[in-house]
1. So, for segment 122-204, what is the accessible surface per residue at a probe of 1.4 Å, expressed in square angstrom?
2. Among 19-28, 66-75, what's the highest-first ranking by average C-beta atoms within 10 angstrom per residue?
3. At 0.36 nm per residue, minus the direct Cα-Cα distance, what do Ala151 and Glu174 gain on full extension? Give it in nm, one decimal, please.
4. Suppose the chain between Arg70 and Ser85 were pulled fully straight at 0.36 nm per residue; how much longer would it get relative to their current alpha carbon spacing?
5. Hey, what's the per residue convex hull volume over the C-alpha atoms of segment 142-202, in cubic angstrom?
Amino acid sequence: MSARPASADDGAAIRTPRLSLVLLELPVLEAVEGPTSEERSLDWPADWPAGWPEGEDRANLAWFRKRLERFGRTPWGPRAIIDASGAMVGHTGFHAPPSSILDLLHDDATFEGDPGAPGSAVEIGYSVFASAQRQGYAVEAASALVSWAFASGAVDAVIASVAVTNAASLGVLERVGGFTAIGRCFDEEDGGERVFRRDRGGSA
């Protein structure tokens, strides 16, 4: 899989053998949140999941919107996971543009030693809809994000914060490879989380 260096105006999809990771920009979020079919008719390279968003993803979309309003148009944002049939099977992406690990995490984060070498980091997240799970999509998407981030030349480390009770997401990082636990933080929704880091050049 190849990855191109990212620029502030780069809206290109990140592609893998089976998936396309397409930016979820503000017009897209506004369209998918619309209650009528007319409001959801935005030109978009995927089929919206029936009944989506619902449940937890309504909060996720609101969080995506706040991030995009704060940072503007950037390739370091949320992305839809689209399979080869053109169906959206989940979402993934970066929580914010490159920054320091300390800036990316909550103020209450605690570390097991040094949180990492000086430099820029990004935090990744991933979620696959229940109907599309157990097909390796989360691992494929997360691996692509890591490769793309390092290929951009703007990132020295990639981090991920995972709820200590979320065995499936912890398993994704293990299968992606190269991540090391560096500490813990607390999330209002997920509770206690473990923080993992993978450095540039780290083996998968």
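1. 45 Å²
2. Highest-to-lowest ranking by the protection proxy: 19-28, 66-75.
3. Stretched out fully, the Ala151 to Glu174 stretch lengthens by 6.2 nm.
4. Gain on stretching Arg70 to Ser85: 2.1 nm.
5. Measuring per residue, one finds 83 Å³ for the Cα hull of segment 142-202.
The values are calculated or read from the model by the stated rules, or taken from the named source; none is laboratory data. Since this is a predicted model, take the numbers as computed values, not measurements. Glycine also receives a Cβ, built like all others from the backbone with ideal geometry; neighbour counts cover every protein chain displayed. In case anyone asks, the SASA skips ligands and DNA or RNA and just uses the protein heavy atoms, side chains included. Shrake-Rupley method; radii C 1.70, N 1.55, O 1.52, S 1.80 Å.
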